[in-house]
Amino acid sequence: MRGRIYAKPVFCAIVLVLSAGAWCDAAWVTRDDYGMFRVVASAEAADAAALFQDYWEQCTGHKPPNQEEAGPGVNVLVGINTLPADLRSEVGSAGLAEAGFVIRTL
């Protein structure tokens, strides 16, 4: 099917894009900001992280690097184990299936 991304249902992929600029009305990220993106993924979500990286590269022409920990810039957190404890409990209570996902900007 066109436009759908399928992932193996062996993990719960949680995607959060963290950015201080996400609260503004205008676009919060431009082409000049793509170098600030990084993917922080837990081991069980490596496949989902790779899917995100490939999709982001297809859309923008930039492939964000993998990082072991969140840092300055825009962090895309993939996998429930990469989330801070307060967000982990909030997302965990959402009743997601194994291959479920959440996209949220902060």
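Checking the condition modelled with pLDDT under 90 and not β-branched (Val, Ile, Thr), which residue from Gly61, Gly71 passes?
Values: Gly61 fails: modelled with pLDDT under 90.
Among Gly61, Gly71, only Gly71 is modelled with pLDDT under 90 and not β-branched (Val, Ile, Thr).
What number goes with the only condition from (1) out of contact with any Lys or Arg (no Cβ under 9 Å at 6 or more places or on another chain); (2) modelled with pLDDT of 90 or more; (3) not small (Gly, Ala, Ser) that Gln53 does not pass?
So Gln53 meets the others, but not (1).
Of the numbered conditions (1) modelled with pLDDT of 80 or more; (2) closer than 21 Å to Asp86 by Cβ, Ala13 fails exactly one; give the number of that condition.
Result: Ala13 passes all but (1).
Please go through the range 65-83 and pick out each residue that is part of a loop (DSSP other than H, G, I, E, B) and within 17 Å of Phe101 (Cβ to Cβ). It would help to see each step written out before you state the result.
First pass over the range 65-83, keeping only residues part of a loop (DSSP other than H, G, I, E, B): 65, 68-73, 79, 83.
Selection gives Gly79, Leu83.
Any residue in the range 65-82 that's more than 16 Å from Asp33 (Cβ to Cβ): show its pairings with residues that are among the polar types (S, T, N, Q) at Cβ separation under 6 Å, as long as the two are six or more apart or on different chains.
Hits for this filter: Gly79/Ser42; Asn81/Ser42; Thr82/Ser42.
Take the range 57-93 and flag every residue that is under 16 Å from Thr105 (Cβ atoms) and hydroxyl-bearing (Ser, Thr, Tyr).
Thr82
The values are calculated or read from the model by the stated rules, or taken from the named source; none is laboratory data. Values in this document were obtained by computation on a predicted structure and should not be read as measured data. Positions of Cβ are backbone-derived with ideal geometry, glycine not excepted, and every protein chain shown enters the neighbour counts.
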